[in-house]
Amino acid sequence: MLNTPIYKLDENENKLYIKRDDLLPFSFGGNKARKAEKFFNEIDKGKYDSVVTYGSGSSNHGRIIANMAKARDLECIIISPEEASEETFNTEIMRYLGAKIIVTPAPYVAKTIDDLLLELNSKGRKPYFIQGGGHGNLGTQAYVDCYGEIKEYERKESINFDYIFLASGTGATQAGLVCGQLINADNRSIVGISIARKNPRGRDVILNSIKEYLESEHLEIDPSKIEQKTIFTDEYICGGYGKFNLEIERVIETSYKKYGLPLDPTYTGKAFSGMLSYVKDKGLIGKNILFIHTGGTPLYFDYLRGVSDVEND
Ligand SMILES: *Cc1c(COP(=O)(O)O)cnc(C)c1O
(Lines give C-alpha, C1' and ligand atoms only; values in the text may rest on other atoms or scores of the structure.)
Protein backbone atom coordinates (compact mmCIF):
# COMPACT_ATOMS: atom_id res chain seq x y z
CA MET A 1 0.00 0.00 0.00
CA LEU A 2 1.07 3.56 -0.58
CA ASN A 3 2.09 5.89 2.21
CA THR A 4 -0.98 7.91 3.24
CA PRO A 5 -0.80 11.68 3.86
CA ILE A 6 -0.17 13.16 7.29
CA TYR A 7 -0.77 16.88 7.75
CA LYS A 8 -1.63 19.46 10.37
CA LEU A 9 -5.38 19.83 10.72
CA ASP A 10 -5.66 22.45 13.42
CA GLU A 11 -3.79 24.29 16.12
CA ASN A 12 -5.18 25.53 19.41
CA GLU A 13 -3.95 24.46 22.87
CA ASN A 14 -2.50 21.46 21.07
CA LYS A 15 -1.29 20.79 17.54
CA LEU A 16 -3.63 18.35 15.86
CA TYR A 17 -2.41 16.24 12.93
CA ILE A 18 -4.24 13.66 10.90
CA LYS A 19 -3.15 10.57 8.97
CA ARG A 20 -5.56 9.87 6.12
CA ASP A 21 -5.82 6.11 5.83
CA ASP A 22 -9.26 6.76 4.37
CA LEU A 23 -7.35 7.88 1.24
CA LEU A 24 -5.71 4.52 0.60
CA PRO A 25 -6.22 4.05 -3.14
CA PHE A 26 -8.55 1.05 -3.23
CA SER A 27 -12.34 0.95 -2.87
CA PHE A 28 -12.60 4.07 -0.68
CA GLY A 29 -9.64 2.97 1.41
CA GLY A 30 -9.58 2.70 5.17
CA ASN A 31 -7.92 0.34 7.60
CA LYS A 32 -9.70 -2.67 6.07
CA ALA A 33 -7.94 -1.96 2.78
CA ARG A 34 -4.57 -1.76 4.52
CA LYS A 35 -5.21 -5.08 6.28
CA ALA A 36 -6.80 -6.84 3.30
CA GLU A 37 -3.77 -6.23 1.13
CA LYS A 38 -1.79 -8.53 3.45
CA PHE A 39 -4.37 -11.31 3.18
CA PHE A 40 -4.57 -11.04 -0.58
CA ASN A 41 -0.78 -11.25 -0.84
CA GLU A 42 -1.20 -14.71 0.72
CA ILE A 43 -4.11 -15.52 -1.56
CA ASP A 44 -2.05 -14.56 -4.60
CA LYS A 45 0.66 -17.00 -3.52
CA GLY A 46 -1.78 -19.95 -3.22
CA LYS A 47 -4.19 -21.61 -5.58
CA TYR A 48 -7.39 -20.39 -3.95
CA ASP A 49 -10.64 -20.19 -5.86
CA SER A 50 -12.80 -18.41 -3.29
CA VAL A 51 -12.70 -16.11 -0.27
CA VAL A 52 -14.91 -16.52 2.81
CA THR A 53 -15.26 -13.91 5.53
CA TYR A 54 -17.86 -12.43 7.85
CA GLY A 55 -19.12 -8.97 8.67
CA SER A 56 -22.26 -6.90 9.11
CA GLY A 57 -24.25 -5.32 6.30
CA SER A 58 -22.53 -2.02 7.00
CA SER A 59 -19.08 -3.61 7.12
CA ASN A 60 -16.22 -1.74 5.48
CA HIS A 61 -14.30 -5.01 5.66
CA GLY A 62 -16.96 -6.77 3.57
CA ARG A 63 -16.78 -4.10 0.88
CA ILE A 64 -13.01 -4.27 0.59
CA ILE A 65 -12.84 -8.08 0.58
CA ALA A 66 -15.60 -8.29 -2.02
CA ASN A 67 -13.73 -5.81 -4.20
CA MET A 68 -10.29 -7.43 -3.89
CA ALA A 69 -11.86 -10.83 -4.61
CA LYS A 70 -13.69 -9.44 -7.66
CA ALA A 71 -10.48 -7.91 -9.01
CA ARG A 72 -9.07 -11.47 -9.09
CA ASP A 73 -12.27 -13.11 -10.24
CA LEU A 74 -12.50 -15.13 -7.04
CA GLU A 75 -15.85 -16.07 -5.60
CA CYS A 76 -16.57 -14.09 -2.41
CA ILE A 77 -18.92 -15.31 0.31
CA ILE A 78 -19.72 -13.12 3.29
CA ILE A 79 -21.53 -14.45 6.35
CA SER A 80 -23.55 -11.67 7.93
CA PRO A 81 -25.32 -11.62 11.31
CA GLU A 82 -29.04 -11.01 10.88
CA GLU A 83 -29.09 -8.50 13.74
CA ALA A 84 -26.77 -6.13 11.88
CA SER A 85 -27.86 -6.52 8.29
CA GLU A 86 -29.38 -3.10 7.56
CA GLU A 87 -29.03 -1.99 3.96
CA THR A 88 -26.20 0.47 3.57
CA PHE A 89 -24.00 1.70 0.74
CA ASN A 90 -21.49 -0.95 1.78
CA THR A 91 -24.15 -3.66 1.34
CA GLU A 92 -25.02 -2.22 -2.06
CA ILE A 93 -21.39 -2.23 -3.13
CA MET A 94 -20.90 -5.83 -1.91
CA ARG A 95 -23.88 -6.91 -4.00
CA TYR A 96 -22.76 -4.84 -6.97
CA LEU A 97 -19.43 -6.66 -6.80
CA GLY A 98 -21.24 -9.99 -6.90
CA ALA A 99 -20.46 -11.11 -3.35
CA LYS A 100 -22.74 -13.82 -2.00
CA ILE A 101 -24.12 -12.68 1.33
CA ILE A 102 -25.43 -15.35 3.71
CA VAL A 103 -27.50 -13.84 6.52
CA THR A 104 -27.81 -15.89 9.70
CA PRO A 105 -28.66 -15.15 13.34
CA ALA A 106 -25.52 -14.06 15.23
CA PRO A 107 -25.21 -17.24 17.37
CA TYR A 108 -25.02 -19.34 14.16
CA VAL A 109 -22.34 -17.31 12.41
CA ALA A 110 -19.43 -19.51 13.55
CA LYS A 111 -21.21 -22.75 12.65
CA THR A 112 -22.34 -21.39 9.30
CA ILE A 113 -18.73 -20.55 8.46
CA ASP A 114 -17.47 -24.00 9.54
CA ASP A 115 -20.18 -25.77 7.53
CA LEU A 116 -19.55 -23.64 4.46
CA LEU A 117 -15.79 -24.23 4.54
CA LEU A 118 -16.35 -27.97 4.97
CA GLU A 119 -18.81 -28.01 2.10
CA LEU A 120 -16.52 -26.08 -0.25
CA ASN A 121 -13.54 -28.30 0.63
CA SER A 122 -15.57 -31.48 0.13
CA LYS A 123 -16.46 -30.24 -3.35
CA GLY A 124 -12.76 -29.93 -4.15
CA ARG A 125 -12.84 -26.16 -3.89
CA LYS A 126 -10.05 -24.17 -2.21
CA PRO A 127 -11.47 -21.35 -0.06
CA TYR A 128 -9.33 -18.82 1.84
CA PHE A 129 -10.86 -17.73 5.12
CA ILE A 130 -10.41 -14.21 6.51
CA GLN A 131 -11.49 -13.33 10.04
CA GLY A 132 -14.04 -10.54 10.48
CA GLY A 133 -12.42 -7.12 10.27
CA GLY A 134 -9.19 -8.68 9.01
CA HIS A 135 -8.26 -9.79 12.51
CA GLY A 136 -5.08 -11.82 13.04
CA ASN A 137 -1.33 -11.38 12.66
CA LEU A 138 -1.51 -10.20 9.06
CA GLY A 139 -3.97 -7.46 10.04
CA THR A 140 -1.74 -6.51 12.95
CA GLN A 141 1.28 -6.44 10.61
CA ALA A 142 -0.52 -3.93 8.39
CA TYR A 143 -0.58 -1.46 11.27
CA VAL A 144 2.99 -2.18 12.34
CA ASP A 145 3.76 -0.97 8.82
CA CYS A 146 1.53 2.08 9.33
CA TYR A 147 3.45 2.87 12.52
CA GLY A 148 6.61 2.81 10.43
CA GLU A 149 5.10 5.44 8.11
CA ILE A 150 4.35 7.63 11.11
CA LYS A 151 7.95 7.29 12.33
CA GLU A 152 9.22 8.23 8.90
CA TYR A 153 7.07 11.37 8.90
CA GLU A 154 8.34 12.31 12.35
CA ARG A 155 11.94 11.94 11.20
CA LYS A 156 11.41 14.01 8.08
CA GLU A 157 9.46 16.78 9.79
CA SER A 158 11.44 16.75 13.05
CA ILE A 159 8.30 16.31 15.09
CA ASN A 160 7.28 13.87 17.80
CA PHE A 161 3.67 12.88 18.33
CA ASP A 162 2.93 12.69 22.05
CA TYR A 163 -0.44 11.09 21.42
CA ILE A 164 -1.94 8.94 18.70
CA PHE A 165 -5.73 8.46 18.72
CA LEU A 166 -7.81 6.04 16.70
CA ALA A 167 -11.18 4.29 16.55
CA SER A 168 -10.72 0.84 18.07
CA GLY A 169 -13.11 -1.99 17.22
CA THR A 170 -11.80 -5.55 16.95
CA GLY A 171 -8.45 -4.12 18.01
CA ALA A 172 -6.08 -5.29 15.26
CA THR A 173 -5.41 -1.72 14.15
CA GLN A 174 -4.47 -0.66 17.66
CA ALA A 175 -2.52 -3.88 18.29
CA GLY A 176 -0.36 -3.16 15.23
CA LEU A 177 0.35 0.41 16.27
CA VAL A 178 1.21 -0.64 19.83
CA CYS A 179 3.50 -3.40 18.52
CA GLY A 180 5.24 -0.81 16.36
CA GLN A 181 5.73 1.37 19.38
CA LEU A 182 7.00 -1.51 21.55
CA ILE A 183 9.43 -2.69 18.88
CA ASN A 184 10.83 0.84 18.56
CA ALA A 185 10.76 1.39 22.35
CA ASP A 186 9.09 4.76 21.80
CA ASN A 187 7.54 6.72 24.57
CA ARG A 188 4.13 8.14 23.72
CA SER A 189 0.49 7.34 24.33
CA ILE A 190 -1.52 5.46 21.74
CA VAL A 191 -5.14 5.79 22.81
CA GLY A 192 -7.76 3.50 21.33
CA ILE A 193 -11.22 5.05 21.58
CA SER A 194 -13.57 2.09 21.80
CA ILE A 195 -16.48 2.33 19.39
CA ALA A 196 -18.39 -0.57 20.97
CA ARG A 197 -16.54 -2.94 23.31
CA LYS A 198 -16.24 -2.43 27.01
CA ASN A 199 -13.32 -3.08 29.31
CA PRO A 200 -11.86 -5.44 30.26
CA ARG A 201 -12.84 -7.52 27.19
CA GLY A 202 -12.02 -4.88 24.58
CA ARG A 203 -8.56 -4.33 25.96
CA ASP A 204 -7.93 -8.06 26.54
CA VAL A 205 -8.56 -8.79 22.87
CA ILE A 206 -5.98 -6.17 21.92
CA LEU A 207 -3.47 -7.57 24.43
CA ASN A 208 -3.96 -11.05 22.95
CA SER A 209 -3.38 -9.74 19.43
CA ILE A 210 -0.22 -7.97 20.56
CA LYS A 211 1.16 -11.07 22.29
CA GLU A 212 0.24 -13.32 19.39
CA TYR A 213 2.01 -11.03 16.93
CA LEU A 214 5.16 -10.59 19.04
CA GLU A 215 5.36 -14.35 19.51
CA SER A 216 5.01 -15.02 15.80
CA GLU A 217 7.85 -12.58 15.15
CA HIS A 218 9.96 -14.12 17.96
CA LEU A 219 10.16 -10.78 19.72
CA GLU A 220 10.50 -10.65 23.48
CA ILE A 221 9.03 -7.57 25.14
CA ASP A 222 8.68 -6.95 28.86
CA PRO A 223 5.03 -7.85 29.72
CA SER A 224 4.70 -4.82 32.00
CA LYS A 225 5.59 -2.59 29.02
CA ILE A 226 2.85 -4.23 26.97
CA GLU A 227 0.35 -3.62 29.77
CA GLN A 228 1.46 -0.02 30.19
CA LYS A 229 1.30 0.82 26.50
CA THR A 230 -2.12 -0.66 25.78
CA ILE A 231 -4.52 2.20 26.44
CA PHE A 232 -8.13 1.48 25.53
CA THR A 233 -10.93 3.70 26.77
CA ASP A 234 -14.59 2.67 26.74
CA GLU A 235 -15.79 6.03 28.04
CA TYR A 236 -17.09 7.29 24.72
CA ILE A 237 -18.97 4.28 23.33
CA CYS A 238 -22.23 6.17 23.65
CA GLY A 239 -24.48 3.15 24.15
CA GLY A 240 -22.78 0.72 21.80
CA TYR A 241 -22.00 -0.12 18.18
CA GLY A 242 -23.51 2.32 15.72
CA LYS A 243 -25.14 4.47 18.41
CA PHE A 244 -24.39 8.15 18.58
CA ASN A 245 -25.54 11.40 20.14
CA LEU A 246 -25.84 15.08 19.35
CA GLU A 247 -22.26 15.78 20.33
CA ILE A 248 -20.96 13.25 17.80
CA GLU A 249 -23.27 14.72 15.15
CA ARG A 250 -21.91 18.18 15.90
CA VAL A 251 -18.32 16.97 15.56
CA ILE A 252 -19.15 15.34 12.20
CA GLU A 253 -20.77 18.52 10.91
CA THR A 254 -17.99 20.81 12.11
CA SER A 255 -15.28 18.54 10.77
CA TYR A 256 -16.77 18.55 7.28
CA LYS A 257 -17.51 22.26 7.23
CA LYS A 258 -14.20 23.35 8.72
CA TYR A 259 -11.74 20.81 7.34
CA GLY A 260 -13.61 19.15 4.46
CA LEU A 261 -13.12 15.95 6.41
CA PRO A 262 -15.79 13.22 6.28
CA LEU A 263 -16.33 11.34 9.55
CA ASP A 264 -18.99 8.73 10.26
CA PRO A 265 -20.97 8.19 13.46
CA THR A 266 -19.97 4.50 13.93
CA TYR A 267 -16.17 4.81 13.80
CA THR A 268 -14.22 7.94 12.99
CA GLY A 269 -16.81 10.50 14.15
CA LYS A 270 -17.25 8.72 17.45
CA ALA A 271 -13.48 8.41 17.89
CA PHE A 272 -12.77 12.03 16.89
CA SER A 273 -15.42 13.23 19.31
CA GLY A 274 -14.03 10.87 21.98
CA MET A 275 -10.54 12.24 21.37
CA LEU A 276 -11.71 15.85 21.86
CA SER A 277 -13.38 14.86 25.14
CA TYR A 278 -10.31 12.92 26.27
CA VAL A 279 -8.00 15.87 25.55
CA LYS A 280 -10.31 18.13 27.53
CA ASP A 281 -10.89 15.68 30.39
CA LYS A 282 -7.15 15.07 30.83
CA GLY A 283 -6.33 18.76 30.41
CA LEU A 284 -3.77 18.12 27.67
CA ILE A 285 -1.95 21.26 26.57
CA GLY A 286 0.97 21.89 24.20
CA LYS A 287 0.92 18.35 22.82
CA ASN A 288 1.44 17.07 19.30
CA ILE A 289 -1.55 14.85 18.63
CA LEU A 290 -2.12 12.55 15.67
CA PHE A 291 -5.55 11.21 14.76
CA ILE A 292 -5.62 8.27 12.37
CA HIS A 293 -8.57 8.44 10.00
CA THR A 294 -9.39 4.74 9.61
CA GLY A 295 -11.82 5.17 6.71
CA GLY A 296 -15.47 4.23 6.34
CA THR A 297 -16.31 6.89 3.75
CA PRO A 298 -19.47 5.06 2.52
CA LEU A 299 -20.83 5.28 6.08
CA TYR A 300 -20.59 9.06 5.85
CA PHE A 301 -23.01 8.93 2.93
CA ASP A 302 -25.33 6.59 4.86
CA TYR A 303 -25.29 9.15 7.62
CA LEU A 304 -26.17 11.99 5.23
CA ARG A 305 -28.99 9.87 3.82
CA GLY A 306 -30.24 9.25 7.34
CA VAL A 307 -29.89 5.48 7.27
CA SER A 308 -27.53 5.03 10.16
CA ASP A 309 -29.49 7.00 12.73
CA VAL A 310 -32.30 4.45 13.07
CA GLU A 311 -31.04 3.62 16.53
CA ASN A 312 -30.09 7.18 17.38
CA ASP A 313 -30.65 7.98 21.01
C1 LIG B 1 -13.12 -1.63 11.31
C2 LIG B 1 -12.92 -0.18 11.49
C3 LIG B 1 -12.28 0.33 12.64
C4 LIG B 1 -11.81 -0.54 13.76
O5 LIG B 1 -10.65 -1.26 13.40
P6 LIG B 1 -10.22 -2.52 14.26
O7 LIG B 1 -8.92 -2.96 13.70
O8 LIG B 1 -11.30 -3.55 14.09
O9 LIG B 1 -10.12 -2.09 15.68
C10 LIG B 1 -12.10 1.71 12.73
N11 LIG B 1 -12.54 2.53 11.76
C12 LIG B 1 -13.16 2.09 10.65
C13 LIG B 1 -13.64 3.08 9.66
C14 LIG B 1 -13.38 0.72 10.48
O15 LIG B 1 -14.01 0.28 9.37
Of a type in the set (S, T, N, Q), under 30 Å from Lys15 (Cβ atoms) and more than 16 Å from the ligand (Cβ to nearest atom) - does that describe any residue in segment 123-142?
-> no
Residues that are within 30 Å of Ile248 (Cβ to Cβ) and either touching a strand residue (DSSP E or B) at 6+ places or on another chain (Cβ under 7 Å) or part of a helix (DSSP H, G or I) (or both), drawn from segment 183-198 = Arg188, Ser189, Ile190, Val191, Gly192, Ile193, Ser194, Ile195
Go through (1) open to solvent by 20 Å² or more (accessible area, probe 1.4 Å); (2) more than 27 Å from Ile18 (Cβ to Cβ); (3) not in a loop (DSSP other than H, G, I, E, B) and name the single condition Val205 misses.
-> (2)
Selection within segment 12-51 - in contact (Cβ under 8 Å) with a residue 60 or more places away in the chain and among the aromatic types (Phe, Trp, Tyr) = Tyr17, Phe28, Phe39, Tyr48
Does Ser255 count as open to solvent by less than 10 Å² (accessible area, probe 1.4 Å) and among the hydroxyl-bearing types (Ser, Thr, Tyr)?
-> yes
Residue in segment 275-297 that is open to solvent by 20 Å² or more (accessible area, probe 1.4 Å), touching a residue at least 60 places away in the same chain (Cβ under 8 Å), within 11 Å of the ligand (Cβ to nearest atom) and assigned to a helix (DSSP H, G or I) present | yes
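Residue by residue, here is whether (1) crowded, with 21+ Cβ neighbours inside 10 Å; (2) of a type in the set (Gly, Ala, Ser); (3) over 17 Å from the mean Cα position of the chain (by Cα) holds:
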residue: Asp222; (1), (2), (3): no, no, yes
residue: Phe232; (1), (2), (3): yes, no, no
residue: Asn245; (1), (2), (3): no, no, yes
residue: Ile248; (1), (2), (3): yes, no, yes
Would you check if Leu214 is crowded, with 18+ Cβ neighbours inside 10 Å, away from the ligand (no atom under 14 Å from the Cβ) and more than 29 Å from Pro5 (Cβ to Cβ)?
-> yes
Among (1) among the aromatic types (Phe, Trp, Tyr); (2) buried (at least 22 other Cβ atoms within 10 Å of the Cβ); (3) part of a loop (DSSP other than H, G, I, E, B), where does Phe39 come up short?
-> (3)
Looking at Phe301, is it of a type outside the set (Val, Ile, Thr), within 16 Å of the ligand (Cβ to nearest atom), open to solvent by 70 Å² or more (accessible area, probe 1.4 Å) and in a helix (DSSP H, G or I)?
-> yes
Flag for Glu86 being in contact (Cβ under 8 Å) with a residue 60 or more places away in the chain and at negative phi | yes
Which residue pairs have Cβ atoms under 9 Å apart, sit 6 or more places apart or on different chains, and have a first residue in segment 219-236 that is farther than 16 Å from Gln181 by Cβ and a second that is open to solvent by less than 70 Å² (accessible area, probe 1.4 Å) and in a loop (DSSP other than H, G, I, E, B)?
-> Thr233/Asn199; Asp234/Ala196; Asp234/Arg197; Asp234/Asn199; Tyr236/Ile195
Per the list (1) surrounded by fewer than 22 Cβ atoms within 10 Å (Cβ to Cβ); (2) within 14 Å of the ligand (Cβ to nearest atom), residue check on Ser194 breaks on (1)
Would you pick out the residues in segment 42-64 that are under 22 Å from the mean Cα position of the chain (by Cα) and open to solvent by 30 Å² or more (accessible area, probe 1.4 Å)?
-> Glu42, Tyr54
Only residues in segment 187-199 that are closer than 22 Å to Ile18 by Cα count as the first member; pair them with residues that are open to solvent by 30 Å² or more (accessible area, probe 1.4 Å) and assigned to a strand (DSSP E or B), Cβ under 7 angstrom, at least 6 apart or cross-chain, and list the lot.
-> Arg188/Tyr163; Ser189/Tyr163; Ser189/Ile231; Ile190/Ile231; Val191/Tyr163; Val191/Ile231; Gly192/Ile231
In this structure, is Tyr256 outside any loop (DSSP other than H, G, I, E, B), out of contact with any Gly (no Cβ under 9 Å at 6 or more places or on another chain) and closer than 25 Å to Tyr17 by Cβ?
-> yes
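The values are calculated or read from the model by the stated rules, or taken from the named source; none is laboratory data. These numbers come from a predicted model, not from an experiment. For neighbour counting, all protein chains shown are included, and Cβ atoms are generated from backbone atoms with ideal geometry for every residue, glycine included. With ligands, DNA and RNA removed, areas are computed over all heavy atoms of the protein, side chains included. Shrake-Rupley method; radii C 1.70, N 1.55, O 1.52, S 1.80 Å.
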